[in-house]
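**Student:** Attaching a single structure in structure tokens format; questions to follow.
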Amino acid sequence: MLRKIEIFSLFVYLLILFTGCSEDINTETYDIENGEGDIFINVDSNYTDIYNPQDTIDAEDDVRDDLALDIQDISDVNQGFDSPQFVANRDYLPLLKRLIQSAEKNIIILHQEFLTGSTLDQLQNDIISAKKRGVDVTVLLEKDISDNASRVDTLKSQGINASLDTSSKTLHLKLFLSDNKYVLLGSTNLSYSSFQYNNEVDFFSDDTTLVSKFYEYANGVLSNNGNLQKIYCTNCGVIPIGDSQYDDLVTPYMNSAQKRLYIIVYQFDYDTDSSTPNGKITKAILDAKSRGLDVKILFEYSSFDNTLNSTNQKTGNYLKSKGIDVRFDSKDITTHAKLLIADDRVVIYSGNWVYSALTSNHEVGVIVDYSKITESALNYFNALFNSAK
């Protein structure tokens with residue numbers, strides 16, 4: 001029987017290696033009867049191990065306790081929201097739940113994925129409750145994520161305008177809008193690993209002009225015409241980034257920076273051809289170093305995605321050879337954030353530094369120059385970078 005368990009464990013390990021190309025792997029539990037009790041092998045985006053099933057129950061209970069809107073702690077979900085906000089790691093889900101629970105008119109959710117699990121089921125229930133109290137709810141999910149179809153079916157059964165994006169573009173968004181008043185965007189997927197394990201960075205704002213621009217963008221994506229949706233705003237204090245606009249909008253700030261370029265990236269496929277989007281970013285980094293700037297880059301090192309690791313290590317080695325301070329996070333944590341700090345400007349984005357994200361995906365972001373956002377971003381970057389190798 002032990003031999004069978006070893007063979008099964010090897011099979012699961014190989015399965016992770018050969019299917020680890022997506023940004024999140026659904027959590028599944030495999031049950032092996034070994035005559036002495038059950039062994040559970042947990043497969044998710046962060047680790048593979050053998051564990052006591054009670055650990056998962058306790059963890060889920062802790063999350064439920066943390067997310068419960070205790071009337072003594074939050075007496076009114078309609079209380080004001082601090083804006084703008086640099087939203088990092090575990091701060092995302094409580095904010096998202098408050099936004100859904102306080103919505104009065106409309107909610108638009110454009111997300112790459114809406115995965116399974118009790119925490120996600122609770123979020124789904126919040127969305128359904130919003131619909132039942134008269135909120136107009138629209139949900140669009142990427143068609144190529146397997147869990148999304150069942151989420152869409154459930155939401156549609158409750159009268160919600162939910163659908164899969166069937167256009168030719170990849171929907172890689174993590175975009176939430178509500179009441180024509182609020183926008184929440186960045187790197188966080190609707191997945192348990194994003195909520196509870198990953199390093200993620202998002203941005204929240206109630207700036208009327210900015211929010212209206214993202215509503216225009218969302219309506220363009222929802223038209224499902226397969227076209228890229230760009231965002232133009234000449235009077236925005238925060239500069240919005242739409243589809244295929246990242247390198248044109250962001251690299252000028254990289255090129256004009258005088259003090260620092262600090263970068264956290266999930267995946268970066270460098271290019272020595274400076275005419276390509278990847279090449280423009282690569283050149284901007286090298287030029288910043290040649291100007292004497294403090295240039296630091298933190299890469300994701302994955303426990304399950306060898307293709308991603310190969311890309312990042314190739315890019316990291318190239319940049320190291322040019323004198324860039326490069327580090328990789330621990331394989332025990334997924335660093336899924338996409339963050340750039342150019343002097344005091346902060347760029348938060350949904351996309352990776354790969355050709356598809358920079359040219360053909362639906363992706364959004366912002367360029368922010370507010371002191372409190374800069375301070376939060378610097379603190380976040382330094383904490384992660386200083387703990388990496």
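**Student:** What does the net charge come to around residue 244 if you take all other residues with beta carbon closer than 11 Å to its beta carbon, with K and R at +1 and D and E at -1?
**Tutor:** My count for the surroundings of residue 244 gives -2.
**Student:** Given 97/389; 283/314; 105/213, which pairs have Cα atoms separated by over 25 Å?
**Tutor:** 97/389
**Student:** Is there a pair in 143/280; 174/289; 132/181 whose C-alpha atoms are over 24 Å apart, and which pairs would that be?
**Tutor:** Distance filter (> 24 Å) returns 143/280; 174/289.
**Student:** Sticking with this structure for a sec: Using 0.36 nm times the number of residues separating residue 383 and residue 118, minus their current alpha carbon distance, what extension gain do you get?
**Tutor:** My answer for the length gained is 92.3 nm.
**Student:** Next up: Which value, in debye to the nearest 20, describes the size of the charge dipole of the stretch 162-274 about its Cα centre when Lys and Arg Cβ atoms bear +1, Asp and Glu Cβ atoms bear -1, and nothing else is charged?
**Tutor:** It comes to approximately 200 debye.
**Student:** I'd like to know which of 311, 245, 356 lies farthest towards the positive end of the charge dipole of the stretch 239-386, counting +1 on Cβ of Lys and Arg and -1 on Cβ of Asp and Glu.
**Tutor:** Among 311, 245, 356, the one farthest towards the positive end of the dipole of the stretch 239-386 is 311.
**Student:** What is the distance, in nm, between label points placed 7 Å from the Cα along the Cα-to-Cβ direction at residue 230 and at residue 158?
**Tutor:** Label-label distance for residue 230 and residue 158, simple model: 3.9 nm.
**Student:** Restricting to the stretch 82-222, what percent of DSSP beta bridges are antiparallel, rounded to 5?
**Tutor:** 60 percent
**Student:** Mind jotting down the distance between the C-alpha centroids of the stretch 244-287 and the stretch 159-225, whole Å?
**Tutor:** 24 Å
**Student:** A follow-up question, please. Going by a ≥ b ≥ c, the root eigenvalues of the Cα gyration tensor, does the stretch 239-386 fall in the rounded group (a/c under 1.5), the prolate group (a/b larger than b/c) or the oblate group?
**Tutor:** Rounded is the answer for the stretch 239-386, as its axis ratio a/c remains below 1.5.
**Student:** What nm distance separates the two modelled labels at residue 322 and residue 276, each placed 7 Å from Cα along Cα→Cβ?
**Tutor:** 1.4 nm
**Student:** Let me know the shape class of the stretch 121-213, please: from the alpha-carbon gyration tensor, a ≥ b ≥ c as square roots of the eigenvalues, rounded when a/c is under 1.5, otherwise prolate if a/b is greater than b/c, or oblate.
**Tutor:** It comes out rounded by the Cα gyration axes.
No value in this document is a laboratory result; all are computed from the given coordinates. From a predicted model like this one, the values you see are computed outputs, not experimental measurements. All Cβ positions, even for glycine, are placed from backbone atoms using ideal geometry, and neighbour counts span all protein chains on display.
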